[in-house]
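Have a look at the structure below, then the notes.
Since every read-out is calculated from the coordinates, none of them should be taken as a lab result. Keep in mind that this is a model prediction, so the values were computed, not measured. Heads up, the Cβs are rebuilt from the backbone with ideal geometry, glycines too, and the neighbour counts pull from every protein chain shown.
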Amino acid sequence: MTFTNAQKQKRYRENLKAKGLYQITKAKHTVRMRIYRQNLTGTKKQDYDKKHAESQRAYRNKNKKPKNSFLSKQSFGKALKKAKCALPKDFNKKKVIARALAQAVGIVPRNNHQRTTRQLSSKIKNSIILFYGRDDISYQMPGKRDTIIVNDNGNKTTYQKKILLYTIREAYELFLAENPGISVGRTAFAEIRPEHISVKSSMAHRVCICIYHENVNLLLNSLSKHVNGSFCSNLYSFTSALVCDESNCDCMSSNCFTCQNYFDLNIKNNVIDKHVQIKWYQWKNINGYATKEEQQGSVEQGIELLSSKVKTFLLHVYIKRQQSKFFEESKTNTDNKKIVIQVDYSENFEIKQQDEVQSAHWSSKSVSIFTAYAWCGTNNYSFALVSNNISHDKYCVYNCITYIINKLKQQLPSLEEILFFSDGAASQFKQRYLMRNLTRMSYEYQLILSWHFFATSHAKGVVDAIGGSVKRIVWQQILTKKDKCENATDFINIAKTKTKAIIIDEITQEDIDKSKAQLQAFFSNTLS
């Protein structure tokens, strides 16, 4: 988006105010202008005074209050035209606004009509409240801190918290099924829910953030107050300040002679005081573990650290954008012959039971969930393949890919080409065995197969939602104690009863062992 000069100045002033430098800069400008005016002589002084007078006159005219009466038909016509232009284009909306204006100035009397709404009887309200409080609808929390204070008609009452075992929609449908003679909307049903009965929800927790973006962002957060301008205010502004063209490979790979000194010009040269001591954080790998480490130093040291990350950061940003662009373009160009599939392993689902004993809590099993989403033109397909095998190795991946291809060939007989997209996990996808096997599968299925990898830590997409949805469905049923989940088969049976939008099936250990016996010799000849 291109900004006008006025918008640029406004944004510059806002940044100064945010950093607390506005009054200082304003005072410096006042002194500079006073000296400038004192040094003006002759015609230059006359020209300056003339322009200044015109500027003041324009400002006064701009802020001058309009006259209350119309001196001529022309002024009335202009005012009427201005009012008409302000009205919406829709005729019905024009009538509503014109009527409201006429009522506001007293031309026509106000309409005192009151809208009548249907009120629920106290009997229906009590039925809904009792329904919410039932033990098969809401779970009584046992903790001593699990209490809530509710204001009942001016009296504060302490209640033990209860948690709904269903969503509001599910509870509403159950209520209507049990009470077919009662007519109530879902909104009213939700509003009547007692305050001490809560909907189960989870706090937002951001994970799997890109280390390249996050480390640069952590530095910018500490340096932004010590660098003039808005170049360090966010990652987007920082990237724009470093190159002359963000879509140019030479610029983003630091091979452009025009912008190779932009960091010095826009960042280093705008440092307010390089000797000020500051703190910042950086993510580091220490003994195989990612740790957020606090660091301290001068602004100059922070700038030097930021400078050392620029080349890698810009190249990473360029690769990420190009790959994302290709992915979006590929999705829009799919049909029954050419499709796009995004695949990923969801985080393993740890099998738990409601009210489990201590020994069971510390010896739980897990199941793996291979998720995929296929864009096939007008028809799209979601997959969640569950297995008791949690190794995520090349044989498991092969079985999952084979299952998906076979399923899609049944739905799309004219299928000719598949573009796979995934993250770059070396143990799962980004390895020589998958590439070698892909050529064999291409010949076996008579399909054009290709595999594409997203940039590091930028493979989040619809497949994550599939995994989260399936796990949430099963987990909610486990909490109700209505279903038992001990293995992949139980997991699938529970999930299938709750959703039909996702194709859910099991990859058995027997299938994996068969593929291992089939491919082991083939993989042994694969060159690195």
Crossing angle, helix 509-524 versus the chain [Cα axis fit, 0-90 degrees, rounded to tens]: 80 degrees
For residue 227, residues with placed amide H under 5 Å, excluding near neighbours: 272
Residues in the range 501-517 that a label on residue 406 would reach, taking backbone N under 20 Å of a point 7 Å out along Cα→Cβ: 502-517
Projected label distance in nm at residue 253 and residue 416, using a 7 Å step from Cα toward the beta-carbon: 3.3 nm
Shape box of the range 416-528 [Cα atoms, principal axes, largest first, Å]: 51, 33, 28
Pair residue 31, residue 291: separation of 7 Å Cα→Cβ label points (nm): 4.8 nm
In nm, spacing of pseudo-spin labels at residue 119 and residue 246 (7 Å Cα→C-beta vector): 5.7 nm
Hull-based mean projected area of the chain, where the convex hull spans the alpha carbons, in square nanometres: 43.8 nm²
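Note the full-extension length gain between residue 46 and residue 102 as 0.36 nm times their separation in residues minus their Cα-Cα distance, in nm to one decimal.
On the way: separation 56, 0.36 × 56 = 20.16 nm, distance 5.22 nm.
In short, 14.9 nm is gained.
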Cα radius of gyration and Dmax for the range 333-524 (Å): 17.2, 55
Extended-chain gain in nm, criterion 0.36 nm per residue less alpha-carbon gap, residue 176 and residue 72: 30.7 nm
Sites residue 456 and residue 391, calculated FRET efficiency, Cβ-Cβ separation with R0 25 Å, nearest 0.05: 0.65
Loop GluC sites (Glu not before Pro), the range 473-528 (other Cβ atoms within 10 Å of the site Cβ: 15 or fewer; DSSP): 486
Rounded to 10°, Cα long-axis angle of helix 488-498 versus longest principal axis of the chain: 60 degrees
Given 337/407; 284/471; 320/409, the pairs whose alpha carbons are separated by over 23 Å: 284/471; 320/409
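Just to be sure I follow: if Rg is taken over the C-alpha atoms of the range 387-478 and Rh is the Kirkwood radius over the same atoms, what is Rg/Rh?
Looking at the range 387-478, the ratio lands at 0.99.
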Order of 47, 511, 423 under a 10 Å beta carbon neighbour criterion, fewest first: 47, 511, 423
With Cα atoms, 0 to 90° folded angle of helix 394-411 axis to the chain main axis: 80 degrees
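Sort 435, 441 so that the residue with the fewest other Cβ atoms within 10 Å of its own Cβ comes first and the one with the most comes last.
Listed from fewest to most nearby Cβ atoms, that is 435, 441.
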All Cα pairs of the range 214-320, percent lying beyond 25 Å: 21 percent
Approximate shape of the range 1-69 as ellipsoid semi-axes (Cα gyration tensor, √5λ), whole Å, largest first: 26, 24, 13
Calculated from backbone phi, Karplus (6.51, -1.76, 1.60) coupling profile of the range 339-353 in Hz, x at Gly/Pro: 10, 10, 10, 9, 10, 5, 8, 6, 4, 3, 8, 7, 6, 10, 10
